[in-house]
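Visitor: Pasting in a structure now, in structure tokens, and then I'll have a few things to ask.
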Amino acid sequence: MKKISAAFALAILAFGVVQASALDRRVRINNESSYDIVEFYASNTGSRSWEEDILGRNILPAGHSVVINIDDGSGYCKYDFLAVFEDGDEVVSADNNVCELSQFSFTD
């Protein structure tokens with residue numbers, strides 16, 4: 001009986017590890033502000049610097065949204081977001097759980 005219980009526990013643990021690594025890290029970023037977002041960064045909370053601008057040469061116009069896969073291969077679920085707006089304002093939102101979050105909105 002102990003061997004079955006141990007095997008069952010090991011199977012559950014393995015399933016949990018596979019499930020955690022396969023979590024969906026896609027988040028719809030909504031720009032509900034009056035200004036275009038010209039740069040957007042998402043870095044895991046363990047990082048000391050911002051990663052590359054996810055939008056690249058694109059912008060996220062006011063009133064629009066985009067789905068971004070915020071998976072840097074690190075296995076992290078918690079990310080900090082930085083949005084840079086066309087007027088130069090910067091907004092930081094820390095500690096966002098992208099494994100549970102399906103949408104995030106920037107507003108005025």
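Visitor: Among the residues of the stretch 76-98, how many are crowded, with 17+ Cβ neighbours inside 10 Å and either assigned to a loop (DSSP other than H, G, I, E, B) or without any contact (Cβ under 8 Å) to a residue 12 or more places away in the chain (or both)?
Guide: So the count comes out to 3.
Visitor: I'd like the full set of residues that are open to solvent by 80 Å² or more (accessible area, probe 1.4 Å) and within 24 Å of Cys99 (Cβ to Cβ), limited to the stretch 52-66.
Guide: If the condition is that a residue be open to solvent by 80 Å² or more (accessible area, probe 1.4 Å) and within 24 Å of Cys99 (Cβ to Cβ), then Glu52 is the only one that fits.
Visitor: Restricting attention to the stretch 31-50, which residues are closer than 19 Å to Asp95 by Cβ and not charged (D, E, K, R)? Reasoning before the result, please.
Guide: Of all residues in the stretch 31-50, those closer than 19 Å to Asp95 by Cβ come to 40-50.
Correct list: Phe40, Tyr41, Ala42, Ser43, Asn44, Thr45, Gly46, Ser47, Ser49, Trp50.
Visitor: Any residue at all in the stretch 2-25 that's within 21 Å of Gln103 (Cα to Cα) and either modelled with pLDDT of 95 or more or in contact with an Asp or Glu (Cβ under 8 Å, 6 or more places away or on another chain) (or both)?
Guide: For the stretch 2-25, residues within 21 Å of Gln103 (Cα to Cα) and either modelled with pLDDT of 95 or more or in contact with an Asp or Glu (Cβ under 8 Å, 6 or more places away or on another chain) (or both): present.
Visitor: Could you list, in sequence order, the residues of the stretch 53-76 that are within 14 Å of the chain's Cα centre (by Cα) and more than 16 Å from Ile29 (Cα to Cα)?
Guide: Those that are within 14 Å of the chain's Cα centre (by Cα) and more than 16 Å from Ile29 (Cα to Cα): Asp72, Gly73, Ser74, Gly75, Tyr76.
The values are calculated or read from the model by the stated rules, or taken from the named source; none is laboratory data. Predicted model, so just to flag it, every value in this text is computed and none were measured. A quick note on method: Cβ atoms are made from the backbone with ideal geometry, for glycine too, and the neighbour counts reach across all protein chains shown. Remember, those area values only see protein heavy atoms, side chains included, never the ligands or the DNA or RNA. Shrake-Rupley method; radii C 1.70, N 1.55, O 1.52, S 1.80 Å.
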